[in-house]
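First the structure, in the form of structure tokens, and then the observations on it.
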Amino acid sequence: MNNHSTGWFRKPYPLVESAKEKLGIALGSGIIVVFILIIIRPFGIESSKEMFPFLLGFGLIDFMVTAMHLFLFPMLLPTIIKSPNWTTGKNVLSILWILFIIAIVNYFYGQHLGKEAYVAGLESMDNIAMVSWIVITFSVGAIPVVFILYVLEKHLFQRNWNRAASLSKGIKKQRALQVDKPIELKSSKETILTISASDLVCVKAEGGNYATVFWHEGSIVKKEMIRLTLIGFLEKTSGIPTIVRCHKSYIINRNKVVSFQGNARSVMIVLDGLDFKVPASRSFPKEKLAKQG
């Protein structure tokens, strides 16, 4: 496998986190399975109308396995299935795993449960072994899935790249006023930390009532854990227009934005002096992120 192919598998990919989207994906995949089976009429089935309840069972299996994976696995494997580290390769492996489980369940349903209720037209299933079920399931699902992921990754990358380019162009044209208002914060060590608003780089939520604040002290970027939520920080700095929340876990100083970069997962913000990039949520408009004078 060449570097181009392996590089594609390492590219960032958006992780589905919305319950509504998860249900939509699971339901949609189940409906597509039933639709395909009605068209191709496998197992020697002559009348899709008479066998519809049996074929509907395969769609239900697809829906249940997919939904269980999307909802349950992120809770069981939170260190592996998390948005910041999710890639195209992990997404492909995740879908192949779903297909494998679906194939196993399909085998027991088709060979034992379903066949007991629907005998006519299923004689050809007698010699279908579990390996054959796995091969059939992967043959039908794997190639279309990888193709769709490839096209979708390219589309998402281009969309976010265009948004990043537009934002980068905006910050070059506009200039925000410097605000030197002091911000007093209580650190996790119970000491008072005073930072000038113009020196603030960003604030990162750490869970609970804590966050990490990053600021410039000369040419050095310092950080400190503070006892304050992002909502509390925004309330404390409500009169400072350069401080905005760009993501559910981040607050930034617009004056510290160097550029924007886009990938399939999201638009990333490059901030002055930081060795990591900050994500920009799709729900925040570009007018709020770009510097405004």
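Couple of notes before you dig in:
- Verdict on ILE226 being within 32 Å of the chain's Cα centre (by Cα) and either surrounded by 18 or more Cβ atoms within 10 Å (Cβ to Cβ) or modelled with pLDDT of 90 or more (or both): yes
- Identity of the residue in segment 1-45, basic (Lys, Arg) and part of a loop (DSSP other than H, G, I, E, B), that ends up modelled with the lowest pLDDT: ARG41
- All positions within segment 255-278 that are touching a residue at least 40 places away in the same chain (Cβ under 8 Å) and either over 30 Å from VAL16 (Cβ atoms) or polar (S, T, N, Q) (or both): ASN255, LYS256, SER259, GLN261, ASN263, SER266, ASP272, GLY273
- Test: residue in segment 81-91 that is open to solvent by 80 Å² or more (accessible area, probe 1.4 Å) and at pLDDT 80 or above: no
- Considering segment 57-80, the residues that are open to solvent by 80 Å² or more (accessible area, probe 1.4 Å) and modelled with pLDDT of 85 or more include one that is farthest from PHE108 (Cα to Cα), namely MET75.
- Single unsatisfied condition, VAL145 versus (1) closer than 29 Å to GLY28 by Cα; (2) modelled with pLDDT under 70; (3) out of contact with any helix residue (DSSP H, G or I) (no Cβ under 6 Å at 6 or more places or on another chain); (4) not acidic (Asp, Glu): (3)
The values are calculated or read from the model by the stated rules, or taken from the named source; none is laboratory data. Bear in mind the structure is a predicted one, so any value in this text is a computation, not a measurement. Positions of Cβ are generated from backbone atoms using ideal geometry, with glycine treated the same way; all protein chains shown enter the neighbour counts. Only protein heavy atoms, including side chains, enter the accessible area calculation; ligands, DNA and RNA are left aside. Shrake-Rupley method; radii C 1.70, N 1.55, O 1.52, S 1.80 Å.
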